[in-house]
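Presented below is the structure to which this report refers.
The values are calculated or read from the model by the stated rules, or taken from the named source; none is laboratory data. As the structure is a prediction and not an experimental result, all values here were calculated from the model. Please note: Cβ atoms are built from the backbone with ideal geometry, for glycine as well, and neighbour counts cover all protein chains shown.
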Amino acid sequence: MVPHPQEKPAFHYDLQKERLALQKNKILRKIPDKTPGKLLAATWNLTNFGVQKRNAEDLALMAEIVSWFDFVAIQEIAEDLSHLRQLMAHLPQSYAVILSDIAGNDERAGFLYDREKVERLELAAEVAIAPSDQRFIRMKGVSGAFTGFDRNPYAVAFRAGAVDFTAACVHLYFGSNAYFDEDRRALEAYALARWADQRHKSPGAYSQNILVMGDFNLPIRDESSTVYQALKAKRLILPRHSTTMGSSLSGDKHYDQLAFHAGGMKTHYTGKSGVFDFDREPFFRSAWEVSPEYFNTTVRYHIADHRPLWAQFDC
């Protein structure tokens with residue numbers, strides 16, 4: 001992980017003022033309150049988390065957003081967990097975390113969850129494709145051969161209310177925008193979708209309710225993307241959101257998704273989901289008044305260069 005550069009001059013802000021700005025934007029984006037009988041899930045690439053030198057106020061603002069959700073898949077967690085532990089200190093004591101070990105790009109993946117709503121079950125494993133099955137990971141028009149994930153998705157089983165489910169936290173390979181790197185990404189996406197389909201169909205699976213959450217490095221959410229085609233090939237649903245922008249700060253990339261298998265969690269989906277553009281006005285207003293470039297550098301450094309994406313399920 002390479003940390004984003006800090007803005008110059010250094011930006012200073014009032015924590016309570018910016019917390020209120022986030023809460024205002026939550027209302028504007030119609031993110032539901034946490035409610036009995038509903039699971040409010042989210043995914044958020046926390047961006048070089050533990051590598052960038054975020055301060056205590058930054059971590060408090062990030063915790064404010066996390067606290068709105070019952071269950072959050074998190075990506076780009078560094079080996080150094082000191083920032084994660086500081087973020088946890090800003091959350092209610094009912095929150096817990098479970099993490100993978102480091103893999104590609106020296107990063108971990110995992111889940112933050114509120115134990116008042118969500119119970120962790122026995123299963124915790126990395127998703128891996130046996131060498132004998134790798135020959136089945138192929139797509140028409142996609143070059144190369146699948147030889148494994150750069151960062152194995154991290155799959156953990158949970159229970160919320162009456163619903164048991166297995167959630168896989170994902171950060172697919174990026175590399176570059178070159179066609180061969182996108183083809184490698186598409187093969188990873190297909191391998192993941194195939195795994196989800198097999199788990200849903202298997203009578204011996206820990207749970208047949210499958211969530212696949214995280215940073216797919218999906219450039220655009222339509223058939224022009226081979227990554228999108230790969231995810232859809234095995235009945236994963238990527239729901240349309242109430243917000244039209246993507247999860248990148250620029251809003252033009254649909255990197256982050258919260259997908260579920262058509263045969264399982266679809267029956268629990270309430271139809272409510274969206275991207276939370278925490279960076280909209282009035283958040284960090286005084287940084288925006290300097291210049292758009294200064295504002296974007298400030299947001300990337302202090303918070304993240306990805307926006308959270310959320311969805312609601314009956315439980």
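For Phe111, are the conditions met, namely being touching a residue at least 24 places away in the same chain (Cβ under 8 Å) and touching a helix residue (DSSP H, G or I) at 6+ places or on another chain (Cβ under 7 Å)? Judged against the criteria, Phe111 is not a match.
Only one of the numbered conditions (1) small (Gly, Ala, Ser); (2) at pLDDT 95 or above; (3) surrounded by fewer than 16 Cβ atoms within 10 Å (Cβ to Cβ) is not met by Gly104, and that is (2).
Is it the case that Arg280 is among the basic types (Lys, Arg) and over 16 Å from the mean Cα position of the chain (by Cα)?
On the way: among the basic types (Lys, Arg): yes; over 16 Å from the mean Cα position of the chain (by Cα): yes.
Against the criterion (among the basic types (Lys, Arg) and over 16 Å from the mean Cα position of the chain (by Cα)), Arg280 qualifies.
Among the residues of the stretch 40-56, some residue qualifies, meaning at least one is out of contact with any Asp or Glu (no Cβ under 8 Å at 6 or more places or on another chain), closer than 13 Å to His302 by Cβ and of a type in the set (D, E, K, R). Of the listed requirements (1) farther than 28 Å from Phe158 by Cβ; (2) assigned to a strand (DSSP E or B), Arg19 misses just one: (2). On the basis of being among the aliphatic types (A, V, I, L, M), assigned to a helix (DSSP H, G or I) and touching a Leu at 6+ places or on another chain (Cβ under 6 Å), does Leu61 make the cut? So Leu61 fails the test. Which one of these does Val227 not meet: (1) buried (at least 20 other Cβ atoms within 10 Å of the Cβ); (2) assigned to a loop (DSSP other than H, G, I, E, B)? Val227 satisfies every listed condition except (2). For the stretch 127-144, the criterion of being surrounded by 15 or more Cβ atoms within 10 Å (Cβ to Cβ) and within 16 Å of Leu211 (Cβ to Cβ) is met by at least one residue. Restricting to the stretch 247-267, and then to whatever is surrounded by fewer than 20 Cβ atoms within 10 Å (Cβ to Cβ) and not β-branched (Val, Ile, Thr), can you tell me which residue is farthest from the chain's Cα centre (by Cα)? Looking at residues that are surrounded by fewer than 20 Cβ atoms within 10 Å (Cβ to Cβ) and not β-branched (Val, Ile, Thr), I get Gly263.
Residues in the stretch 130-171 that are among the charged types (D, E, K, R) and in a loop (DSSP other than H, G, I, E, B): how many? Full working, then the answer.
Step one: filter the stretch 130-171 for residues among the charged types (D, E, K, R), giving 133, 135, 138, 140, 150-151, 159, 164.
Then keep just the ones that are in a loop (DSSP other than H, G, I, E, B); that gives 138, 140, 150-151.
Counting residues in the stretch 130-171 that are among the charged types (D, E, K, R) and in a loop (DSSP other than H, G, I, E, B) gives 4.
Scanning the stretch 237-249 turns up no residue that is closer than 14 Å to Ala42 by Cβ and part of a strand (DSSP E or B). Applying the selection to the stretch 271-315, what residues are in a helix (DSSP H, G or I) and surrounded by 17 or more Cβ atoms within 10 Å (Cβ to Cβ)? Scanning the stretch 271-315 gives Ala287, Trp288, Tyr294, Phe295, Asn296, Thr297, Thr298, Val299, Arg300, Tyr301, His302.
Within the stretch 172-209, restricting attention to residues that are in a loop (DSSP other than H, G, I, E, B), within 30 Å of Val2 (Cα to Cα) and not small (Gly, Ala, Ser), which residue is modelled with the lowest pLDDT?
Of the residues in the stretch 172-209, the ones in a loop (DSSP other than H, G, I, E, B) are 172-178, 202-209.
Within this subset, residues satisfying the condition of being within 30 Å of Val2 (Cα to Cα) are 172-178.
If we keep only those that are not small (Gly, Ala, Ser) too, we end up with 172-174, 177.
Values: Leu172: 96, Tyr173: 92, Phe174: 90, Asn177: 83.
If we take residues in the stretch 172-209 being in a loop (DSSP other than H, G, I, E, B), within 30 Å of Val2 (Cα to Cα) and not small (Gly, Ala, Ser), then Asn177 is modelled with the lowest pLDDT.
Hey, among Ala205, Ala196, which residue is surrounded by 23 or more Cβ atoms within 10 Å (Cβ to Cβ) and within 18 Å of Phe165 (Cα to Cα)?
Numbers: Ala205 fails: surrounded by 23 or more Cβ atoms within 10 Å (Cβ to Cβ).
Exactly one of Ala205, Ala196 is surrounded by 23 or more Cβ atoms within 10 Å (Cβ to Cβ) and within 18 Å of Phe165 (Cα to Cα), namely Ala196.
What is the residue count in the stretch 261-276 for residues that are without any contact (Cβ under 8 Å) to a residue 60 or more places away in the chain and either among the hydroxyl-bearing types (Ser, Thr, Tyr) or farther than 19 Å from Asp222 by Cβ (or both)? Matching residues across the stretch 261-276 total 5. Working only within the stretch 39-80, note down all residues that are surrounded by fewer than 20 Cβ atoms within 10 Å (Cβ to Cβ) and not charged (D, E, K, R). Once the filter is applied, which keeps residues that are surrounded by fewer than 20 Cβ atoms within 10 Å (Cβ to Cβ) and not charged (D, E, K, R), the stretch 39-80 yields Val51, Asn55, Ala56, Ala60, Ala63, Ser67, Trp68.
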